[in-house]
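Okay, so here's the structure we're looking at.
The values are calculated or read from the model by the stated rules, or taken from the named source; none is laboratory data. Predicted, not measured: the structure shown is a model, and the values here were computed from it. Virtual Cβ from ideal backbone geometry, glycine too; neighbours counted across all protein chains shown.
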Amino acid sequence: MTAHMFLGMIAPIGIVLGAPITLALRTLPQGRNSTERGVRGSLISALHSRLGRFYTNPLIALAIFDGSLFALYFTSLFGGMMQSHVGHFFMNFHFILAGTLFFYVVVGIDPNPRKIPHLVRMVILLAAMSIHAFFSVALMSSTTLIDQGYFASLKTPWLLDLLADQNKGGAIGWAMGEIPILLALVATFIQWMRDDSREANRIDKNTARMAAMGQPDELAQYNQYLSELAKKEKDVR
C-alpha cells in the first residue's frame, strides 16, 4: 500500500509540477519543413486530439484515478496481477500514469487542451479526497482478505494476522492519500489567487494605457452601462 500511494499520489505531483510537457515542447526537434510535423508537432497534435481532450476531462481523470483503487483492490484482479512480475509492473505503471493524469488536470502547469476553472479543479480535488477516504475506510473495516489465496501463498512467518495487516494498509492509504490531495488543494487555491492578481494588473494597465491615449475605457463604459440599467430598474419600481 505504501508503494502504491507513493506511485499514485506523491510522485505524480512532483512530475506535473516539473512541467515535463513544456520541457518537451522546448527541446524536441521540429519538422524539417512545413509538411513535416516532427516529434514536437506530433506531441502538440496528441494534446489537442479528441483522445487528449477525452482523457483531460476532469471527470474522466477522476474516474480513472479513484476508480482504479476499487477495481484493483476489491476484485480478483489484484491477486492475478501480483502473481507475476509483468502484471505487477503494469499495475505499478498504471498507478503512476493515473496519478500523473489526474494531477496534470487539476494542478498541472503544462499546456492543457481544456481550460478548467479553478473552482472546478477544487471541487474535483474535494471529490477525490472523499472517494479516497471512503476506499480507505472500507479497507480498514473489511473483515475478509482481498485475495486470501495470494497472501497465503507468500508464507510469511513474521506476519501471522493477514487481516490486521490489511486493515493497517487501509489506514496507511488514508494517511498517505489525503495529505497530497490537501497540498494540491492549497496549490490550486494559490494558483487561483495569482491568476486573479495577474488579470487585475492586466486590466489596470489596459485602463491606464487607454486613458493615456485618450480612448474610452471599455470596462468603465460597461460598468457605467450596468449602473444605468440598475438605476432604470430602480426608477421603474
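Of note:
- Restricting segment 52-85 to residues that are among the aliphatic types (A, V, I, L, M) and modelled with pLDDT of 90 or more leaves a set whose member that is surrounded by the most Cβ atoms within 10 Å (Cβ to Cβ) is Ala61.
- Enumerated helices (runs of 4 or more DSSP H) restricted to segment 144-237, each holding at least 1 residues that are of a type outside the set (Ser, Thr, Tyr), modelled with pLDDT of 70 or more and within 23 Å of the chain's Cα centre (by Cα): 162-212
- Residues that are of a type in the set (Val, Ile, Thr) and not in a helix (DSSP H, G or I), drawn from segment 83-118: Ile109, Ile116
- Any hit, segment 65-73, residues being free of Cβ contacts under 8 Å to residues at least 12 places away in the same chain, assigned to a helix (DSSP H, G or I), on the phi < 0 side of the Ramachandran plot and out of contact with any Leu (no Cβ under 9 Å at 6 or more places or on another chain): yes
- Residue in segment 111-118 that is farther than 25 Å from Ile181 by Cβ and in contact (Cβ under 8 Å) with a residue 12 or more places away in the chain present: no
- No other residue among Gly52, Gly80, Gly8, Gly41 is under 19 Å from Ile116 (Cα atoms), of a type in the set (Gly, Ala, Ser) and assigned to a helix (DSSP H, G or I) apart from Gly52.
- Qualifying positions in segment 102-140 - closer than 12 Å to Pro58 by Cβ, at pLDDT below 90 and in contact with a Pro (Cβ under 9 Å, 6 or more places away or on another chain): Arg114, Ile116
- Taking segment 94-103 as the range and being touching a residue at least 12 places away in the same chain (Cβ under 8 Å) and either surrounded by 22 or more Cβ atoms within 10 Å (Cβ to Cβ) or more than 13 Å from Leu47 (Cβ to Cβ) (or both) as the test, the residues that pass are His94, Phe95, Ile96, Ala98, Gly99, Thr100, Phe102, Phe103.
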